[in-house]
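The values are calculated or read from the model by the stated rules, or taken from the named source; none is laboratory data. As the structure is a prediction and not an experimental result, all values here were calculated from the model. A quick note on method: Cβ atoms are made from the backbone with ideal geometry, for glycine too, and the neighbour counts reach across all protein chains shown.
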Amino acid sequence: MKVLVTVKEVATVEDDFEISGTEIEETYLDYDLNEWDDYAVEEAVQLAEAGDDVEVVAVTIGPERSEETIRMALAKGADRAVRVWDDAIEDVELLDVETKAELLGAVVEEEDPDIVLSGVQANDDSFGATGVALAETVGFEWAAVVNALDTEKVLDEGVASVRRELEGGIEELTDVELPAVLAIQTGINEPRYASLRGIRQAQSKEIDVQSLDDLGVGADDVASSLDVTAMYEPETESDAQYLEGDAGEQAAKLADVLREKGVVGE
Amino acid sequence: MPSYMLAQAGVETRPTFWRIGHVGEALFYYLAAVAVAIFLYGVYQRFATYARGADDPRERLTDLPARVLTAAKLVASNEKQFDRDLYAGLMHTFILWGFLSLLIATTILGIDMDLWTLVLGQPSFFVGDFYLAYSFVADAMGLLFVVGVGMAIYRRYWVQYGRLWGKHTSTEDDLFVWTLFLLGVGGYLTEGVRILGTSATRDVSFETVSFVGWFVKDVLQAAGVTPQAAAAAYPVVWWSHALLALAFVASVPYAKPFHMLSSYANLVTRDEDAGKRLPRVPEDASPEEIGPSDIEDFTWKQLLDHDACTKCGRCSSACPAKAAGRPLDPRDVILDLKAYREGLEAGDREEVDIVADGGTSVVDAETMESCMSCMACMDACPVDIEHVTQFTEMNRRLTESGQMNKNVEEAVMNVFQKGNTFGDPDRKRPDWTDDLDFEVPDAREQSVEYLWYVGDYPSYDERNQHVARSLARVFEEAGVSYGILYEDEQNDGNDIRRVGEEGLYEMVAEENIEAFQSCDYENIVCTDPHSYNTFSNEYEQFGFEDGDSVYHYTQVVENLVNDGALGLTGTELNDTVTYHDPCHLGRYNGEFEAPREVVRATGVTLDEMPRNRSESFCCGGGGGGLWMDFDEETKPSEERIREALEDTDAGPDVDRFVVACPMCMTMYEDGRKTGGYEDDIEITDVTELLVEAIDAKEK
Amino acid sequence: MSADVLVVADHRRGDLRDVSLELLSAGRELADEAGGDLHATVISGNVESLAEELDREGVDRIHTVAHGAEFNHDVYVQALTALAGDLEPEFIVVPNSVNGLDYAPAVATRLDRPYVSDAVDLDYSEGTLEVTREMYGSKVETTVDVAEGPFAVSVRGGEWPPAEGVGDAEITAFDVDVDEDAVRSKVKGFEEVGGGDVDIGDAEFLVSIGRGIEEEENLELVEELAEVTGATLSSSRPIVDNGWLPKNRQVGQSGKQVTPTVYLAIGISGAVQHVAGMKASETIIAVNTDPNAPIFDIADYGIVGDLFDVVPALIEEFGGEPPSV
């Protein structure tokens, strides 16, 4: 069995930051493995640990810098990785869902996995669409916002028996035929720690860099339909009445509000 | 009965093998040979086990004669047994010296009988004045032995002394102490019966030198035992004593008495830097090979550690984690490992993980996470077991198997990604200097005498930033040539290493060394004892050559104070304070006096807590404790503040709790709040006290 | 292509979800800007009654696709593909709900439309759709131009007012010949997670705690506050993810929707998923150290301060003794 897990290196923004043009200034950015993908990697590795002869391949779209992050996935137990990059991709400011699905789709065609695990969303652009779009692109079945997966059924019956986390504390129990793409929600497992030694050792694992040519994707196909025209800090629309003073005074005023609303005894 | 012996009546000696007969004597020698063979086989087996252990990264057998001698001195003086416990020191000294004396006495007799007279055909020297002196000394030392064993029995069974009883206390402990007791008492009984028995046929008045044996004889006589009855009973008494002695000899390698050899061997092979300088892992080791997965992964010295343990419980009674109710008992960890190995060898235990999360392993992850790396256990251990090294290696296993504690993981990831445990950007590292009305020199741009490594907490933590600013003021005031690394500083790695993330430790150590080397400096001064420890003891493993020029700031400031550079008269402040020794400064590196000198120089009255200097009680922040949550019945910091306010001479009149470590500062500020001591005491760093004194002087 | 807008209703277990009515408002705005009609569709379930509920002012046509009782993304994708082929709407507007996440990207891909998700504002002029959306966990807002239609976009709940009034839309059944072989996922059922002792949905006064509490042991503090004020304790997602409180205490998109008289949010920054679950509370009071925390945007009263100072003081106000944490 082969498990493909899509991962993304995302930029995280410091609390205080500045924007120049339509981007956040580089000084205020740090790069890390996307939180959702961390859970997807863990789920993939757990599948590999539960089954015999399960190969886990991590795939990413990202520049050379992102290899640092990909190595985290390798250190956690992915067997090898594919990194898709090209100058033509670098020129695009904001990759659209379609392009991502197409690029990853080309890798899926090549790797022919039984199951693809992706994160529900990435915490930078938050499209929350790549996994499902990818499934449609390659003709796989799918499920989005999966917070439980029956590992044994995947291995023994070729069915992904999942729970989807719906709104309002409801979970949907669904069986999905393989091959399928599952968009993994946080909390599905406890992602393991990758030690520095593990990351260093993962240097010896293969990261196969694929260009557009390698994938047989044309440069025109990656031209984004999206154009970021502005970026700004959201205005605060607060019309809250602030209770001022030291903690004691604030507490006293708050107590008055609560009494006034009649939710506490006098 | 061999008549030639009685024929010698009038010469002062004692009949050996009296009434035992040639057959008995031969039987005795045969049994003795068997006992010695069993003993030797057992010892061989034990040492063969150690030989199968993994290589130890430290040289432990170089300069062996000196090692043997040093260990012998330690054993002879019993200084480690006297540490923190006079009663136990006396007890062990009495037993040890009593036992050794009796052993020597028996050996002398053996030489006389079997070598001198039998092989060499010389007349026995076991007569006359020699015999009298021999008997007197042997009786006296034997009495000491019995008294020592009696003290042990009294404490173990009558007092039920807490630390002597634990999870692994078993029949072997009872057998050991009672066997010794019976051997001691039995010896006197044999002697008394013999004196009484022989009194029928000769004048035994010279035997009064064996004053205890004589006393026993008197008691027997008073109880109505006739010399004839004594003579008749003698073989029974003698054989009982002999058989017990031989059984004891044979059992030595198989139970607690083995500590006579293993603990001594442990002292011979000890590493005086253990704990403060942790071993590296091989550069090419993969995660699976780091930290013990199987019992075979322990080094021979660590296996010896397990066998050297006498279950005395000193480590556990000194352990702050245990005191706070964390699930760690250092003695149990060592003995669990030993029991697991013995269980495997005996085939009655299944193979399990050495350390893991989930409760099926030999040692639980939570137990290892509880350790504060404060070294109290190692300081207290009379046989130099190296707990902290083993605990760290088990933490390494947890790290490499992805089972690191979640809270620690967050701190560790911050160090990996941002270079500090706070996860703040490195460009904010020098922000603490903003509030100063002078510029802190940049050691990257000018040559300085003191390269000041500020550290994570003093750089990023608000409370400790005040300490950093105070120290900067002291340096300015004294005209010290100093400078800092600004954003090129990174976490020192000391605690990262102690929670078991060796790979990350290697990374920060290498990068810090590179930052140091790009500067022109004479000495390094650290705010944090943790930095001081790892720079001076461990960075050498990564090619850092200036370990000897690293100082804790209290050492530098002590010199400034002594040189009068701060112009203090010693009358500036008049508070009453107590001083808490940080583990990494005191117990780790032996610096107890510099901070005290500085504290006293401000004019305050320094009142000591009962647990001071090498017996200091950890704040709870070491070994990653600062980053974790524990379910503690009394936090170590709360207990320590209680000690300051209740157990010092001034008691509640102690105004301040003085610290010399940023981690201690954080833990005690916390303990002061959670323990409800906010109105009772203030937490002050040594350098803050100094700045107050400078300000007072200026007024 | 027409200049029409097609919005897709969200429903579950017989109930139309609120976001569906908000979609109508968003869709109407777009239709007005583009000069087209507003179509709505309801797929699966009791489509007739759902369609009636959907019939608000401004809706021109409602297409019902009767197939199955509950949401199935394979059915949705087939139905929407067919409907889009028939109507050729310039805009397909769907909710950025959990189900929206499950079908919208596939529909857009199948129809070869650019897809932009989670819009908080939409603006159409001269053939260009401008989508306002957040990035980096709500730290920034961006405007993104989608140059070429037809478009597919999902919108965030709570950003548009629900459509009101009673409409006069033409409700027609749309026949879709669902290829059952292509339905390769099967919904077996639903499960309410973390029921249990307390229903925070019924509470009049909720004391709700978030990440700001830092450590599990500190929960004692808010438990005491709830005790002395007679409030019910609830929390944001991280507290439940950490296992510090049971799932039935969670307020938010994936937890409970609550509407108490007073919602006291302590150490909660106010991520959209949380706000979605409590914004309808009568009075919202927020305590947070960060004056820029989004929770203050929806709060009626705000305290900028450390919960470890404010909460003990508040406990004392009500005659309690703050536990030492």
Checklist outcome for this item: The residue that is farthest from residue C:138 (Cα to Cα), considering only those in the stretch A:1-52 that are polar (S, T, N, Q) and in a strand (DSSP E or B), is A:6
Next on the checklist: Looking only at the stretch A:118-162, filter to residues that are hydrophobic (A, V, I, L, M, F, W, C) and in a helix (DSSP H, G or I); which one of those is farthest from the other protein chains (Cβ to nearest Cβ)?
Outcome noted: A:155
Item to check | Which listed residue is touching a helix residue (DSSP H, G or I) at 6+ places or on another chain (Cβ under 8 Å) and either within 25 Å of residue B:243 (Cβ to Cβ) or of a type in the set (S, T, N, Q) (or both), from B:190, B:171 | outcome: B:190
Checklist entry - Can you list the strands (runs of 3 or more DSSP E) found entirely within the stretch C:29-123 that contain at least 2 residues being over 30 Å from residue A:105 (Cα atoms)? => result C:38-43, C:61-65
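For the structure I just gave you, tell me whether residue B:71 is modelled with pLDDT of 90 or more, under 17 Å from residue B:308 (Cα atoms) and touching a Leu at 6+ places or on another chain (Cβ under 7 Å).
Working: modelled with pLDDT of 90 or more: yes; under 17 Å from residue B:308 (Cα atoms): yes; touching a Leu at 6+ places or on another chain (Cβ under 7 Å): yes.
The answer is yes for residue B:71.
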Checklist entry - If you take the residues of the stretch C:298-322 that are more than 8 Å from chain A (Cβ to nearest Cβ) and surrounded by fewer than 17 Cβ atoms within 10 Å (Cβ to Cβ), which of them is farthest from residue B:677 (Cα to Cα)? => result C:319
Checklist entry - If you take the residues in the stretch C:211-228 that are surrounded by 23 or more Cβ atoms within 10 Å (Cβ to Cβ) and β-branched (Val, Ile, Thr), which one is nearest to residue C:274 (Cα to Cα)? => result C:213
Checklist entry - Out of (1) part of a helix (DSSP H, G or I); (2) within 14 Å of chain A (Cβ to nearest Cβ); (3) within 20 Å of residue B:530 (Cα to Cα), what's the single condition that is false for residue B:399? => result (3)
Next on the checklist: Restricting to the stretch B:603-661, and then to whatever is aromatic (Phe, Trp, Tyr) and more than 24 Å from the chain's Cα centre (by Cα), can you tell me which residue is nearest to residue B:494 (Cα to Cα)?
Outcome noted: B:627
Next on the checklist: Given the condition touching a residue at least 12 places away in the same chain (Cβ under 8 Å), under 23 Å from residue A:196 (Cα atoms) and within 14 Å of chain A (Cβ to nearest Cβ), answer yes or no: does some residue in the stretch B:468-488 qualify?
Outcome noted: yes
Checklist entry - Using beta carbons and a limit of 6 Å, which pairs, at least six apart or on different chains, have the first residue in the stretch B:611-631 and farther than 14 Å from residue B:670 by Cβ and the second one among the polar types (S, T, N, Q)? => result B:622/B:373; B:623/B:373
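Got a number for residues in the stretch B:42-79 being among the charged types (D, E, K, R) and at positive phi? Give the steps one after another, and end with the answer.
First pass over the stretch B:42-79, keeping only residues among the charged types (D, E, K, R): B:46, B:52, B:55-56, B:58-60, B:63, B:67, B:73, B:79.
So of that shortlist, the ones also at positive phi come out as B:63.
Residues flagged as among the charged types (D, E, K, R) and at positive phi within the stretch B:42-79 amount to 1.
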Checklist entry - Within the stretch B:461-484, can one find any residue that is assigned to a loop (DSSP other than H, G, I, E, B), crowded, with 24+ Cβ neighbours inside 10 Å, in the same structural domain as residue B:526 (by TED's automatic domain parsing) and not hydroxyl-bearing (Ser, Thr, Tyr)? => result no
Checklist outcome for this item: Scanning the stretch B:591-607 residue by residue, those without any contact (Cβ under 8 Å) to a residue 60 or more places away in the chain and either part of a helix (DSSP H, G or I) or more than 15 Å from residue B:661 (Cβ to Cβ) (or both) turn out to be B:593, B:594, B:596, B:597, B:600, B:605, B:606, B:607
Checklist outcome for this item: Checked the stretch A:217-266 for anything out of contact with any strand residue (DSSP E or B) (no Cβ under 9 Å at 6 or more places or on another chain), under 16 Å from residue C:228 (Cβ atoms) and of a type in the set (A, V, I, L, M, F, W, C); matches are A:252, A:255
Checklist entry - Restricting the search to the stretch C:218-272, which residues are among the polar types (S, T, N, Q), facing another protein chain (nearest Cβ under 10 Å) and assigned to a loop (DSSP other than H, G, I, E, B)? => result C:242, C:253, C:254, C:257, C:261
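For residue C:281, indicate whether it is more than 8 Å from every other protein chain (Cβ to nearest Cβ) and either part of a loop (DSSP other than H, G, I, E, B) or among the charged types (D, E, K, R) (or both).
Details: more than 8 Å from every other protein chain (Cβ to nearest Cβ): yes; either part of a loop (DSSP other than H, G, I, E, B) or among the charged types (D, E, K, R) (or both): yes.
Here the answer is yes, as residue C:281 does meet what is asked.
Residue-wise test of (1) closer than 30 Å to residue B:293 by Cβ; (2) in the same structural domain as residue B:283 (by TED's automatic domain parsing); (3) of a type in the set (Gly, Ala, Ser).
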{"position": "B:62", "(1), (2), (3)": "yes, no, no"}
{"position": "B:67", "(1), (2), (3)": "no, no, no"}
{"position": "B:70", "(1), (2), (3)": "no, no, no"}
{"position": "B:89", "(1), (2), (3)": "no, no, yes"}
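Based on this model, can you work out whether residue C:277 counts as in contact with a His (Cβ under 8 Å, 6 or more places away or on another chain) and not polar (S, T, N, Q)? Break it down stepwise before answering.
Details: in contact with a His (Cβ under 8 Å, 6 or more places away or on another chain): no; not polar (S, T, N, Q): yes.
No; evaluated as a whole, the condition is false for this residue.
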Item to check | Unmet criterion (only one of (1) assigned to a helix (DSSP H, G or I); (2) within 32 Å of the chain's Cα centre (by Cα)) for residue B:500 | outcome: (1)
Next on the checklist: Given (1) more than 25 Å from residue B:426 (Cβ to Cβ); (2) touching an Asp or Glu at 6+ places or on another chain (Cβ under 8 Å), identify the lone condition not met by residue A:47.
Outcome noted: (2)
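Conditions (1) at pLDDT below 85; (2) within 21 Å of the chain's Cα centre (by Cα); (3) assigned by TED's automatic domain parsing to the domain that holds residue C:273, marked per residue:
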site: C:162; (1), (2), (3): no, yes, no
site: C:167; (1), (2), (3): no, no, no
site: C:174; (1), (2), (3): no, no, no
site: C:204; (1), (2), (3): no, no, yes
site: C:220; (1), (2), (3): no, no, yes
site: C:243; (1), (2), (3): yes, no, yes
Checklist outcome for this item: Only one of B:354, B:385 is closer than 18 Å to residue B:53 by Cα, touching a Phe, Trp or Tyr at 6+ places or on another chain (Cβ under 9 Å) and either of a type in the set (A, V, I, L, M) or within 14 Å of chain A (Cβ to nearest Cβ) (or both), namely B:354
Checklist entry - Taking the stretch C:154-192 as the search range and keeping residues that are within 11 Å of chain A (Cβ to nearest Cβ) and crowded, with 19+ Cβ neighbours inside 10 Å, which one is nearest to residue A:226 (Cα to Cα)? => result C:154
Checklist entry - Can you spot a residue in the stretch B:597-610 that is at positive phi and assigned by TED's automatic domain parsing to the domain that holds residue B:495? => result yes
Checklist entry - When you go through B:133, B:88 one by one, which is the residue that is within 38 Å of the chain's Cα centre (by Cα), in a helix (DSSP H, G or I) and not aromatic (Phe, Trp, Tyr)? => result B:88
Item to check | Qualifying residue in the stretch B:410-430 (condition: assigned to a helix (DSSP H, G or I), within 14 Å of chain A (Cβ to nearest Cβ), of a type in the set (Gly, Ala, Ser) and closer than 29 Å to residue B:490 by Cβ) | outcome: yes
Item to check | Hey, residue B:554 over 29 Å from the mean Cα position of the chain (by Cα) and either touching a residue at least 24 places away in the same chain (Cβ under 8 Å) or within 25 Å of residue B:481 (Cα to Cα) (or both) or not | outcome: no
